[in-house]
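In what follows, a structure is listed as structure tokens, so that the remarks can point back to it.
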Amino acid sequence: MSGHISMRVNAGRLAGLTGDTVRLPCKVLRLSDDSAIVEASDGGQVEIQRKNVDVTGTYVEVVGTVVDASLIKALATIPLDSDGELDMTLVNDVIELTFESRFDKIFPRYHVEKEFIALDNSW
Amino acid sequence: MSSNDYYGNTGGGGGGFLAGGSPYGSTSGSPGGAGRKSEIAHSLRPLTAFQLLNATQAHSDAEWMLDDTELGQVTIVGHVVSIQSQATNNLYWLDDGTGRIEARHWIDSSVEETGSNAITEGSYVRVSGSLKMFGNKRYVNANHIRPVKSPHEIYFHLLEAMTVTLIWQRGPPLRPGQNPSTTVPPAVSSNVTGSSAYTAQSHTAAANNSQFSHLPKLQYAIVTFIQSQHANEEGVHVGAIARAVGGTAVTISNALDTLMDDGLVFTTIDDSHFQIAA
């Protein structure tokens with residue numbers, strides 16, 4: 001995998017991307033010392049392993065590696081501060097669009113065979 | 001859509017595609033060729049880092065090309081991975097999820113980047129400028145860099161990059177009633193027959209489309225026909241509408257009454273001329 005790819009994803013797409021670095025825009029539901037439970041843009045809940053990574057704010061983008069379909073090991077978080085709510089339906093629609101093949105020249109792809117697995121899961 | 005001055009050009013550079021499309025560069029020898037090149041140079045294209053990293057340059061003084069299209073100014077939204085402050089410029093390492101690229105912002109000592117405009121690591125920013133290569137490292141020479149106004153700007157930018165790239169590949173979205181064969185993608189050389197498709201009207205019409213798409217068939221056909229006539233304040237005569245759309249005087253008249261009640265059309269110079277409400 002060349003270049004720094006960290007595509008924005010939702011909970012449903014994690015299963016096909018184990019081992020890859022992703023970006024998860026999410027709402028923080030529960031925070032504890034070493035971890036956090038967040039809600040992704042498709043409503044799915046994900047656990048974030050966050051040793052020494054700050055999670056501040058309500059809406060954040062978690063950049064990390066996918067451990068499995070419901071666990072991400074955080075490398076960094078980026079606050080998504082907003083005066084109002086972050087429109088997660090909009091976020092989810094955009095995320096799904098970015099994976100469409102007509103945009104293959106705009107967004108890099110993870111391993112092709114993993115994309116097929118993700119498609120199978122979503123059907 | 002952004003209210004950027006340059007935005008009007010990104011939809012296809014209205015009128016600039018006279019002779020010699022971009023694959024031929026500016027060697028067409030026609031006066032339109034040179035004019036077109038400076039038009040593109042002033043256009044502002046929203047892109048991802050991945051696209052910037054894939055752009056190509058024939059030689060170090062040549063223009064940048066992306067998928068057979070010339071690039072002018074570019075804009076990108078990404079998060080700041082690191083900042084290196086030097087004497088004359090600041091170096092920002094940006095990551096937007098699709099790749100990483102450097103942005104170099106020359107310090108203007110008369111302008112202080114403080115307070116709400118301060119750029120911090122781990123925050124999202126919008127950068128506008130031009131793509132440059134130094135040695136074999138590419139970077140964005142930033143004219144403008146500022147924090148994003150809201151997290152929605154990240155998603156707006158992704159959608160804008162997708163839309164503009166599709167328009168370059170396939171031509172602008174169809175206006176109501178327009179025949180698909182008359183639209184030509186801007187990246188392909190064309191004569192000016194399709195020029196009306198590239199003007200700002202196509203954006204308005206695409207917006208109007210959704211306003212009318214819920215209408216019953218006859219009313220939709222009527223508003224589509226009126227729009228396609230490019231009429232001025234005089235509007236379109238009801239006879240022309242009836243001939244184009246079909247139906248009896250009664251059905252047309254009733255449809256127009258309903259459209260007027262809904263505020264979608266209005267009468268102009270007399271009761272027989274109609275125009276679309278803006």
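Things worth noting here:
- Amide N proximity, region B:119-160 versus B:ASP108 label position 7 Å along Cα-to-Cβ, cut-off under 12 Å: B:143-145
- Pairs from A:LYS73/B:LYS149; A:LYS51/B:LYS149; A:LYS73/B:LYS132; A:LYS27/A:LYS51 whose Cα-Cα separation, in the structure shown, is over 24 Å: A:LYS73/B:LYS149; A:LYS51/B:LYS149; A:LYS73/B:LYS132
- Applying 1/(1 + (r/R0)^6) with r as the Cβ-Cβ distance of B:THR56 and B:ILE83 and R0 = 35 angstrom yields a FRET efficiency of 0.75.
- Two-decimal log10 I(q)/I(0) for region A:2-121, as the Debye equation yields it once each C-alpha is a single scatterer, q = 0.17 Å⁻¹: -0.80
- Mean-position separation - Cα centroids, region B:208-278 and region B:54-74, in angstrom: 46 Å
- Per residue of B:91-101, other chain Cβ atoms within 10 Å of the residue Cβ number 4 on average.
- The simple spin-label model puts a point 7 Å past each Cα toward its Cβ; for B:THR248 and A:LYS51 those points are separated by 8.3 nm.
- Across peptide B:150-162, the average count of Cβ atoms from other chains found within 10 Å of a residue's Cβ is 6.
Every number in this text was worked out from the coordinates using simple rules, so none of it is lab data. What you see is a predicted model; the values in this text were computed from it and never measured. Virtual Cβ from ideal backbone geometry, glycine too; neighbours counted across all protein chains shown.
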